[in-house]
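Reading through the structure tokens given below for one structure.
The values are calculated or read from the model by the stated rules, or taken from the named source; none is laboratory data. Computed from a predicted structure; not experimentally measured. Here the Cβ positions follow ideal geometry from the backbone for every residue, glycine too, while neighbour counts run over all protein chains shown. Side chains are part of the model used for accessible areas, which takes the heavy atoms of the whole protein and leaves out ligands, DNA and RNA. Shrake-Rupley method; radii C 1.70, N 1.55, O 1.52, S 1.80 Å.
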Amino acid sequence: MSVEELNKLKELLADPKKIVITTHRGPDGDAMGSSLGLYNYLIQKGHQVQVITPNDYPSFLHWMKGNNHVIQFTKEPEAAERITLEAEIIFCLDFNTLSRIDTFAPVVEQAKAFKVLIDHHQQPDEFDFTLSDTSACSTAQLIYEFLDMFGDVEAINQDIAECLYAGIMTDTGNFRFSSVTAKTHEIVAFLISKGAQQDKVYDLVHDNNSVNRLKLLGYCLNEKLEVLSEYGTAIISLTSDELKRFQYQKGDTEGVVNYALSIEGISVAAFFVEREGVVKISFRSKGDFSVNQLARDHFNGGGHINAAGGAYGTKVEEAIEKFKSILPDNQSLLLINKNN
Ligand code: 5GP
Ligand code: MN
């Protein structure tokens, strides 16, 4: 981001504008926390703001202030298109390339608005204003830094603070990943000083499980975990029939992949799930092995070095077979595990 870009955006935001905020398909805590954190800030400044998600997101994120005003492109395509084409500024949060917003992408592409990217994923596209920091733990942290660039962090109230807190908390696995820095904790301390209640936010996000969700997790661990010790890799998979059996709700499988990664000696984990006609894959790693690269090279995906995702085919068996077939080519995997 150049000084010119920043000045241009400052100029634009100096008086009320029509603004759209969007985020990646299958929004997670950081996607919604950064979008609604920014939304609550911008409406406070008198702008006319609409958050548009490509599709729906888990109910444990519905508590955030402003959630009632979010619209989903897949549910209300005409309204979403009209508002987007009328927007003067479009904020794209927590994704690096328009393909991450699926069928909403052509609309955003077509829009004449000034387009802003605030994101922490690898290999970002260029926007009219690009604030990309791949070392940042979350986009929510970058929203704080963005407000700081405007000299306006004092405008953060409890609602904004709790949205940003939720984004940082969820994208850092509750503040435990290596992406968390002293600065992250300083920002979080500031958010708490502005009224964010950490116990409440944790409870709303994490202690809100349905019985079915826990039973599905138990089933994954008991019946569906496969350990490939030679490659320091563990896999969990679910078919669409299995999802039905446990009355799957959006978000129910979030975090399952981390159990596979928590096994002693395992440094790469993959979770495969048949959803909406495709096999969606979540990859996680520890150390130097880049699952971002793996996802980009073989699964039409991407993400971060230690957390990435992609998609492959329509049946989990095919996707798992593909994954297993490339493991022997990844010498670095064997290398990592020899060193462990
Ligand atoms: P998750 O496994 O939790 O869905 O995603 C892990 C990370 O990878 C997130 O940062 C997410 O944005 C990114 N990611 C997940 N799926 C995809 C995908 O299909 N394409 C790309 N480029 N990134 C993905
Ligand atoms: Mn994120």
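So residue 51 fits all but one of (1) under 18 Å from the mean Cα position of the chain (by Cα); (2) not in a strand (DSSP E or B); what number is the exception? It fails just one condition, (2). The set of residues from the stretch 1-48 being within 14 Å of ligand 1 (Cβ to nearest atom) and assigned to a loop (DSSP other than H, G, I, E, B) comprises 24, 25, 26, 27, 28. For residue 65, the requirement of being in a loop (DSSP other than H, G, I, E, B), among the basic types (Lys, Arg), without any contact (Cβ under 8 Å) to a residue 24 or more places away in the chain and open to solvent by 40 Å² or more (accessible area, probe 1.4 Å) is not met. For the stretch 26-43, a tally of residues being open to solvent by 10 Å² or more (accessible area, probe 1.4 Å) and within 13 Å of ligand 2 (Cβ to nearest atom) returns 2. In the stretch 260-326, counting only strands (runs of 3 or more DSSP E) that sit wholly within it, the ones holding 2 or more residues that are among the polar types (S, T, N, Q) span 278-285. The helices (runs of 4 or more DSSP H) located wholly in the stretch 126-212 that include 2 or more residues which are in contact with a strand residue (DSSP E or B) (Cβ under 7 Å, 6 or more places away or on another chain) occupy 139-149.
Say whether the condition of being more than 12 Å from ligand 1 (Cβ to nearest atom), assigned to a helix (DSSP H, G or I), under 27 Å from residue 74 (Cβ atoms) and outside the structural domain of residue 25 (by TED's automatic domain parsing) is met by at least one residue in the stretch 223-233.
Of the residues in the stretch 223-233, the ones more than 12 Å from ligand 1 (Cβ to nearest atom) are 223-233.
Restricting the remaining residues to those that are assigned to a helix (DSSP H, G or I) gives 223, 229-231.
Adding the requirement that they be under 27 Å from residue 74 (Cβ atoms) leaves none.
No; the residues of the stretch 223-233 include none that is more than 12 Å from ligand 1 (Cβ to nearest atom), assigned to a helix (DSSP H, G or I), under 27 Å from residue 74 (Cβ atoms) and outside the structural domain of residue 25 (by TED's automatic domain parsing).
Does the stretch 49-62 hold any residues that are more than 16 Å from ligand 1 (Cβ to nearest atom) and open to solvent by 50 Å² or more (accessible area, probe 1.4 Å), and which are they? 59, 62 - these are the residues of the stretch 49-62 that are more than 16 Å from ligand 1 (Cβ to nearest atom) and open to solvent by 50 Å² or more (accessible area, probe 1.4 Å).
So which residues in the stretch 94-113 are among the aromatic types (Phe, Trp, Tyr) and assigned to a helix (DSSP H, G or I)? Residue satisfying the conditions is 104 alone. Picking from residues in the stretch 261-296 that are near ligand 1 (Cβ under 10 Å from one of its atoms) and open to solvent by 10 Å² or more (accessible area, probe 1.4 Å), the one that is farthest from residue 233 (Cα to Cα) is 278.
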